[in-house]
1. Please give the peptides 85-96, 56-67, 15-26, 34-45 ranked by average Cβ packing (other Cβ atoms within 10 Å per residue), highest first, as a rough proxy for protection.
2. Using a ≥ b ≥ c from the Cα gyration tensor of region 11-138 (square roots of the eigenvalues), is it rounded, prolate or oblate, where a/c under 1.5 gives rounded and otherwise the larger of a/b and b/c decides, a/b for prolate?
3. Extending each Cα 7 Å along its Cβ direction at Thr69 and Val47, get the distance between those two points in nm, one decimal.
Amino acid sequence: MTNKPANAPVEELDAHECWAFLRGVSVGRLAVWVTDHPDIFPINYAVDHGTLVFRTGLGTKLEAALGETPVAFEADGVDPVSGVAWSVVAKGNAARIDSIEEVLDSFSIMLFPWQSGHKDSFIRIAPTSLTGRKFTVADPAQWWTAPATAPHAATE
C-alpha cells in the first residue's frame with residue numbers, strides 16, 4: 001500500500017462518485033433509532049435506481065427502519081494498492097417494498113441474505129442526503145508517534 005503524509009487532503013465526492021463507490025461493495029451499516037437510543041446493524045445491500053435495497057426479517061432492525069425516524073447508511077472501503085480510502089453516508093427514509101411489481105423487480109437485483117432464516121422483507125432507502133469523501137491513508141509513522149516532549153529549561 002502506498003501511504004502519503006498525514007496531512008493529505010480529504011476530497012469531497014459528488015453524488016455520481018458516491019453511487020459508483022456504493023455499487024462497488026455490498027456490505028454497509030444501517031443506523032436506526034430504537035426507542036430511546038441509536039443502534040447500528042451490518043447489512044448486505046444492492047444499489048437499485050438511485051436507492052439502496054436490503055432484505056431483513058422480523059425484529060428490531062425492521063421495526064426501527066420502518067419507524068417515523070429517518071435512517072442513515074454508511075459504507076466504506078480502501079484500495080490496498082493505491083492506499084485511497086473512501087466513505088459514503090446516505091440519509092433518508094426507509095420503506096417496505098410491497099407492490100408485487102416492485103418485489104419481482106427487486107428479485108432481479110440478485111440480493112440474497114447472508115444469514116440464514118426468513119428475510120422476506122425488502123426495504124428500500126431513498127436517500128434525501130448523500131455525502132462522501134476519499135483520502136489517502138496516512139503512513140503509520142505519520143500518526144503513530146509519541147508526542148514530542150518540551151525541552152527542559154536550563155536552571156542555574
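1. Going by the mean number of other Cβ atoms within 10 Å, highest first, we get 85-96, 56-67, 15-26, 34-45.
2. Since a/c reaches 1.5 and a/b is larger than b/c, the shape of region 11-138 is classed as prolate.
3. 2.8 nm
Every read-out reported here was derived from the displayed coordinates using simple, explicitly stated rules and does not represent laboratory data. The model shown is predicted, which means the values in this text are computed figures rather than measured ones. A quick note on method: Cβ atoms are made from the backbone with ideal geometry, for glycine too, and the neighbour counts reach across all protein chains shown.
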